[in-house]
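Read the structure below first, then the notes.
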Amino acid sequence: MDTHTSWGNTPNKLTYDITSMAENRVRVIVNIKDIELGVLYFERPKMGWLRKPIMPTKWVCVDAKIEGLYTYGGNDITPKEIVALCQELIEERGY
């Protein structure tokens, strides 16, 4: 498990717990203190996805439960920003 804390100018700092679930599947749990705000699942693009504009070396969010981010993040955090940040963190950690 890997943990990273930061979120730009957002008043509340978020924690990202990254766990490898399988060879090409990663789970990211987004927390603030002891409160779980969301869970995102990422996979490498499948062979059948080659016709879509997705690079096969990048991670794609395939499922997410992020209701808590709306409660605690309000307008300061968007789902698109969370996905982009999680993709960066996964790459940084070498998954």
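The values are calculated or read from the model by the stated rules, or taken from the named source; none is laboratory data. Just so it is clear, the model here is predicted, and its values are computed rather than measured. Heads up, the Cβs are rebuilt from the backbone with ideal geometry, glycines too, and the neighbour counts pull from every protein chain shown.
Summary table
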item: Residue in the range 63-82 that is on the phi > 0 side of the Ramachandran plot, of a type outside the set (S, T, Y), surrounded by fewer than 16 Cβ atoms within 10 Å (Cβ to Cβ) and modelled with pLDDT of 70 or more present; result: no
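Residues are listed down the side, and each one gets a yes or a no for (1) at pLDDT 85 or above; (2) at positive phi; (3) touching a Cys at 6+ places or on another chain (Cβ under 6 Å):
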position: P11; (1), (2), (3): no, no, no
position: M21; (1), (2), (3): yes, no, no
position: N24; (1), (2), (3): yes, no, no
position: R27; (1), (2), (3): yes, no, no
position: K33; (1), (2), (3): no, yes, no
position: E43; (1), (2), (3): yes, no, no
position: M55; (1), (2), (3): no, no, no
